[in-house]
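Asks: Let me begin by handing over the structure; questions about it come next.
The values are calculated or read from the model by the stated rules, or taken from the named source; none is laboratory data. Note that the structure is predicted; figures quoted are calculated from it, not measured. Cβ: placed from backbone, ideal geometry, glycine included. Neighbour counts: every protein chain shown.
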Amino acid sequence: MTAFVTGYVAERYGLRPAPFYLGICYAVLGLMCSIALIRDTRGHVALELAQHGRQVEAIGFWTVFRRTSFGDRNLFAASQAGLVNNLNDGMSWGILPLFFTSYGLSIERIGILKAVYPAVWGILQTVTGPLSDRWGRKGLITGGMWVQGLALIVTAHTHRFVAWLVASAVLGLGTAMVYPTLIAAVSDASHPSWRARSLSVYRFWRDLGYAVGALCAGVIADLFGMQWAIVSVGVITLLSGAVVALTMKSG
C-alpha cells in the first residue's frame, strides 16, 4: 500500500519531500506502538525451557554466532538464504525502478509494480507460514528461492508492463514461501536458551543482504547494464536455493 501511495504522491508532488512525510509518520507510530502495546515474552521462553527435554546449553554469543553462521547445517542454509533473499530485495528496490524508467514507465506505474510484489508477499505469507508447519521447511525455502530467481530473470528479459506485473506477483509468491519459513527454520534449530541470539545472528546476515544487494547490483549495472544486474542476482538466488536443497536437513 505504501509503495502505491508514495508512487502516487511522487507523481503529483515530486520525489521529495512529500513521500518522505509518510515514512516519518510511520516511524512515530511504530515508536508509540512499541511503547504502549508490546509486551515482553520472557515468560513464554521460561515456560518452554521448563518443558524442554534437553539440558539448557550455557554458550556465549560468539559460539552462537559461529553455529548460526556456518557451524550448523540448517542454520547455515537459512542464514545464506536469508542474505540472498534480501540481496535480491535490495536490488529490486534500487535497480528495478531505474530499469522500468529506462523503458518510459511513469512513476505511478512503477509504484503499482512495486506495490504488487509486497502485497502478494504480505498476504500469502499468512498461508505459507502455517503450511511450513505441515509440509516442512526445506521444500518451501528451496522452491521459494527458485521461484524468486526465475521471476527476476523473466523481469530482465521482458519489456511489457503486463509481463512485469505478473513477474512482480511471482516474485512476491517466492518471497512469501521463503520469508516466514526461514524464521521458523532458525527457531527449529535453536535451543530456547539461545534462540533469541541465534535469530539475531540470522537477522544480521539476512538484513546485510539489503546493503550487499544494492552495492553489488549498482556495480554490475554500472559495468554491464541494469539487465545484467537483474539477471546476475536472479542466478545467485537460484544457486542459493540449490545450497538449501543440498545442505538443509528435511523437516
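Asks: Can you tell me which condition ILE24 does not meet? The list is (1) farther than 21 Å from PRO180 by Cα; (2) among the hydrophobic types (A, V, I, L, M, F, W, C); (3) touching a residue at least 40 places away in the same chain (Cβ under 8 Å), and all the others hold.
Replies: (3)
Asks: Which numbered condition trips up THR158, out of (1) free of Cβ contacts under 8 Å to residues at least 40 places away in the same chain; (2) of a type outside the set (A, V, I, L, M, F, W, C); (3) more than 16 Å from SER92 (Cα to Cα)?
Replies: Result: THR158 passes all but (3).
Asks: Here is a follow-up. Could you tell me whether the stretch 191-198 includes any residue that is closer than 19 Å to GLY82 by Cα, assigned to a helix (DSSP H, G or I), over 15 Å from the mean Cα position of the chain (by Cα) and among the hydroxyl-bearing types (Ser, Thr, Tyr)?
Replies: yes
Asks: Would you please name the residue that is nearest to the chain's Cα centre (by Cα), looking only at residues in the stretch 134-155 that are small (Gly, Ala, Ser) and closer than 15 Å to TYR117 by Cβ?
Replies: Restricting to residues being small (Gly, Ala, Ser) and closer than 15 Å to TYR117 by Cβ, the top hit is GLY144.
Asks: If the Cβ limit is 7 Å and pairs must be 6+ apart or interchain, which residue in the stretch 1-21 that is over 19 Å from GLY172 (Cα atoms) pairs with which residue that is outside any helix (DSSP H, G or I) and not aliphatic (A, V, I, L, M)?
Replies: Pairs that qualify, where the first residue is over 19 Å from GLY172 (Cα atoms) and the partner is outside any helix (DSSP H, G or I) and not aliphatic (A, V, I, L, M), are GLU11/SER106.
Asks: Hey, SER200 hits all of (1) of a type in the set (S, T, N, Q); (2) modelled with pLDDT of 95 or more; (3) touching a helix residue (DSSP H, G or I) at 6+ places or on another chain (Cβ under 7 Å) but one; which does it fall short on?
Replies: Going through (1) of a type in the set (S, T, N, Q); (2) modelled with pLDDT of 95 or more; (3) touching a helix residue (DSSP H, G or I) at 6+ places or on another chain (Cβ under 7 Å) one by one, SER200 breaks only (3).
Asks: Any residue at all in the stretch 211-230 that's under 19 Å from THR68 (Cβ atoms), under 16 Å from the mean Cα position of the chain (by Cα) and modelled with pLDDT of 95 or more?
Replies: No, the stretch 211-230 has no match at all.
Asks: Further question: Which one of LEU83, LEU87, LEU49 is farther than 30 Å from VAL231 by Cα and not small (Gly, Ala, Ser)?
Replies: From the options LEU83, LEU87, LEU49, the qualifying one is LEU49.
Asks: Further, regarding this structure: If I filter the stretch 172-202 down to residues being surrounded by fewer than 23 Cβ atoms within 10 Å (Cβ to Cβ) and free of Cβ contacts under 8 Å to residues at least 40 places away in the same chain, which single residue comes out as nearest to GLY139 (Cα to Cα)?
Replies: Here the residue is ILE183.
Asks: Sticking with this one: Would you list the helices (runs of 4 or more DSSP H) that sit entirely within the stretch 1-81 and hold 3 or more residues that are surrounded by 10 or more Cβ atoms within 10 Å (Cβ to Cβ) and at pLDDT below 85?
Replies: Filter on the stretch 1-81 gives 2-13, 42-51.
Asks: Please go through (1) at pLDDT 95 or above; (2) surrounded by 18 or more Cβ atoms within 10 Å (Cβ to Cβ) for ALA163 and return the number of the only condition it doesn't satisfy.
Replies: So the condition that ALA163 fails would be (2).
Asks: Go over the candidates GLY209, GLY213, GLY241, GLY234 one by one and state the one that is out of contact with any Ser or Thr (no Cβ under 9 Å at 6 or more places or on another chain), in a helix (DSSP H, G or I) and buried (at least 16 other Cβ atoms within 10 Å of the Cβ).
Replies: GLY209
Asks: Taking the conditions exactly as written (part of a helix (DSSP H, G or I), free of Cβ contacts under 8 Å to residues at least 60 places away in the same chain, within 16 Å of the chain's Cα centre (by Cα) and closer than 17 Å to GLY172 by Cα), does LEU131 satisfy them or not?
Replies: no
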